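All of the numbers you see were taken from the coordinates with simple rules; none came from a lab. What you see is a predicted model; the values in this text were computed from it and never measured. Here the Cβ positions follow ideal geometry from the backbone for every residue, glycine too, while neighbour counts run over all protein chains shown.
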Amino acid sequence: MKKRNLVIANWKMNPGSLEEAKKIFNTARDSAKKFKNIEVGICPPFVYLALLLKLQHPKNLFFGAQNLASEIGRAFTGEVSAEMIKNIGAEFVVIGHSERRAMGEDNEIISQKLKIAFDSELKPILCIGELERSKEGEHLAFLKKQIKECLSDLPKKYLIGITIAYEPIWSIGKSYKEAMTPTDIHETVLFIKKIITDLFGREIADSVRIIYGGSVEAENAAEIMEYGAVDGLLVGHASLTDQFPNILKNMDLKR
Ligand code: PGA
């Protein structure tokens, strides 16, 4: 069965006010209504999440968090638990984004967070991606290590249908012209599938959803979907702008 295409809007630390957050949300909601065959996940900062969740939205739009605490049931000032995220009605959580890894999260913490998310019935989106590419293929070994260390300690039942966002760090936050090419994305997706097959078997590899993130804009969304062989896109800066409806429109062309 073909998996439904997925687009995740990662708002990061934006916008600066609730009023603006509502505006951005309205644009996303209106486009989700038009493209019911695409699953639209919105990840606002925590301070807006509970408020936006109360607004009306179509069934193909759902909410997620950008992070969760790596601990449960402890005094943990400033953190937000999986239980809280689940209980306000969010359905998923982004884990291991490169910007969080840059703040010190390693594969071990990420693995812990994945387990907590699954235990709390939140769907995690695991981000992986290399800092740079090398002719010798060192980035491939790096990706393999990330996948192995993040996923190996999890029970196999948790891995069925997991979403992996492949986000090469060197291509994040730029213009579509500097994004990874669809051919290179395709090649890397095949590599990731092979690693998962080798580590966890064919059934899990076939069920995994792989999405691409890193300078996705309206201009390159269609070609990445068509030639990148991905199940969806993770969109950062362009999800805050009027480009977002066009990203959905262009994804829809290439179902
Ligand atoms: P970008 O961000 O679309 O702005 O490159 C993607 C991400 O970091 O998730």
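In the chain, the calculated helix contribution to ellipticity at 222 nm averages -13000 deg cm²/dmol per residue, counting -39,500 (n - 2.57) for every DSSP H run with n ≥ 4.
Give me the distance between the Cα centres of the range 209-255 and the range 27-58, rounded to whole Å. The two parts, judged by their Cα centres, are 16 Å apart.
The magnitude of the dipole of the range 5-253, with charges of +1 and -1 set on the Cβ of Lys/Arg and Asp/Glu and taken from the Cα centre, is near 600 debye. Among residues other than Gly16 with Cβ under 15 Å from its Cβ, the summed charge is +1 (Lys and Arg +1, Asp and Glu -1).
Placing a label point 7 Å from the Cα of Asn14 along the Cα-to-Cβ direction, no residue of the range 81-115 has a backbone N closer than 11 Å. Would you look at the GNM of the chain, springs on alpha carbons closer than 10 Å, and say which of Ile160, Ile192, Ile125 moves the most? With Cα springs under 10 Å in the chain, the top fluctuation among Ile160, Ile192, Ile125 is at Ile160. Between Leu154 and Glu121, the contour length at 0.36 nm per residue exceeds the alpha carbon distance by 10.5 nm. In the range 129-255, Rg over Rh equals 0.98, where Rg is the alpha-carbon radius of gyration and Rh the Kirkwood radius from pairwise Cα distances. Two decimals is fine: what's Rg over Rh for the chain, C-alpha atoms, Kirkwood radius as Rh? Ratio value, two decimals: 0.94. Considered as an equivalent ellipsoid built on the Cα gyration tensor, the range 1-124 has semi-axes of 25, 17, 14 Å, the largest given first.
Remark: the range 65-202 projects, on average over all directions, an area of 9.3 nm² (convex hull of Cα atoms). Charge tally for Val80 (other residues, Cβ to Cβ under 12 Å; Lys, Arg +1; Asp, Glu -1): -1.
With the simple model of a label 7 Å out from the Cα in the direction of the Cβ, Thr183 to Lys36 spans 4.0 nm.
Of all the options Val40, Val208, Val235, the one that moves most in a Gaussian network model of the chain with Cα springs shorter than 10 angstrom is Val208.
Specify the residue with the greatest mean-square fluctuation among Glu20, Glu149, Glu217, computed from a Gaussian network of the chain linking alpha-carbon atoms under 10 Å apart. The residue that fluctuates most here is Glu20.
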